[in-house]
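Below you'll find the structure, written out as structure tokens, and then a few comments.
The values are calculated or read from the model by the stated rules, or taken from the named source; none is laboratory data. Bear in mind the structure is a predicted one, so any value in this text is a computation, not a measurement. When we count neighbours, we look across all protein chains shown, and the Cβ atoms used for this are built from the backbone with ideal geometry, even at glycine.
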Amino acid sequence: MSSTQPSLARWAPRIVLAWAVGLGLCLTCASALAATQAGPRELMTSSAEPPVDDEAPVPGQRALEGRLLAPCCYKQTLDIHEGPVPRQLRAEIRRRLLAGESPEAIERSLVERYGERIIAVSADSPVRYVTVALLALIALAGVALVMGWRRWVGRGSASGEPEPEAGEPDRYDEQLDAELRELDD
């Protein structure tokens with residue numbers, strides 16, 4: 001019995017694997033997009049972990065600290081880097097936010113003091129565009145996969161032959177039975 005349509009049992013694991021990989025890429029891109037909009041400390045800390053300065057953060061403090069690099073090494077953002085300079089800058093940011101200064105004004109003054117190099121992700125950075133493009137490509141791949149799967153499943157019923165009822169032999173069963181009878185004779 002030969003069939004032009006592959007077995008669903010053979011392709012089902014591949015389809016599930018493709019969806020799992022797509023979902024994993026989607027979640028990775030979403031977390032990368034969130035990382036560009038919020039500081040790494042906000043993503044890494046749990047609610048049970050106490051804040052670095054043993055005081056509750058002021059609204060906007062962690063996001064601002066996540067956008068600025070520590071000026072002592074320019075390798076980590078202020079919210080995760082430990083050292084005397086980052087601690088002083090975190091305390092200054094907290095103090096200025098409590099005084100009512102806007103995060104944008106604080107960021108501008110720190111950029112004036114330390115230069116553009118202090119900004120972790122600049123406004124014209126392609127990171128956001130790459131993330132959005134990857135999400136769009138994954139969505140298109142998912143749509144293509146669904147359309148291909150529907151076409152593949154629909155191909156079996158579009159062959160023109162009526163599907164046999166359950167328990168009812170089809171023409172291949174009859175042909176196989178006839179060939180087996182010939183071999184027995």
| For Leu135: the one exception among (1) in contact with a helix residue (DSSP H, G or I) (Cβ under 6 Å, 6 or more places away or on another chain); (2) without any contact (Cβ under 8 Å) to a residue 12 or more places away in the chain | (2)
| remark: When the stretch 103-129 is checked residue by residue, the ones that are of a type in the set (Val, Ile, Thr) and surrounded by 14 or more Cβ atoms within 10 Å (Cβ to Cβ) are Ile106, Val111, Ile118, Ile119, Val121
| request: Please go through the stretch 75-84 and pick out each residue that is surrounded by 13 or more Cβ atoms within 10 Å (Cβ to Cβ) and farther than 20 Å from Ala56 by Cα. | output: Gln76
| said: Taking the conditions exactly as written (touching a Lys or Arg at 6+ places or on another chain (Cβ under 8 Å) and in contact (Cβ under 8 Å) with a residue 60 or more places away in the chain), does Val121 satisfy them or not? | reply: yes
| message | Looking at Val85 and the list (1) modelled with pLDDT under 90; (2) part of a helix (DSSP H, G or I), which single condition is not satisfied? | response | (1)
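Determine which member of the set Arg90, Arg95 is loosely packed, with under 13 Cβ neighbours inside 10 Å and more than 28 Å from the chain's Cα centre (by Cα).
Values: Arg90 fails: loosely packed, with under 13 Cβ neighbours inside 10 Å.
Arg95 is the lone residue from the list that is loosely packed, with under 13 Cβ neighbours inside 10 Å and more than 28 Å from the chain's Cα centre (by Cα).
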| message | When you check Gly60 against the structure, is it outside the structural domain of Leu27 (by TED's automatic domain parsing), within 28 Å of the chain's Cα centre (by Cα) and of a type in the set (Gly, Ala, Ser), yes or no? | response | yes
| query | Limited to the stretch 89-109, what total is found for residues that are of a type outside the set (Gly, Ala, Ser) and farther than 16 Å from Val58 by Cβ? | reply | 1
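This table checks each residue for (1) in a loop (DSSP other than H, G, I, E, B); (2) at pLDDT 85 or above.
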{"position": "Tyr129", "(1), (2)": "no, no"}
{"position": "Val132", "(1), (2)": "no, no"}
{"position": "Leu135", "(1), (2)": "no, yes"}
{"position": "Leu140", "(1), (2)": "no, yes"}
{"position": "Leu145", "(1), (2)": "no, yes"}
{"position": "Trp149", "(1), (2)": "no, yes"}
{"position": "Val153", "(1), (2)": "no, no"}
{"position": "Gly160", "(1), (2)": "yes, no"}
{"position": "Ala166", "(1), (2)": "yes, no"}
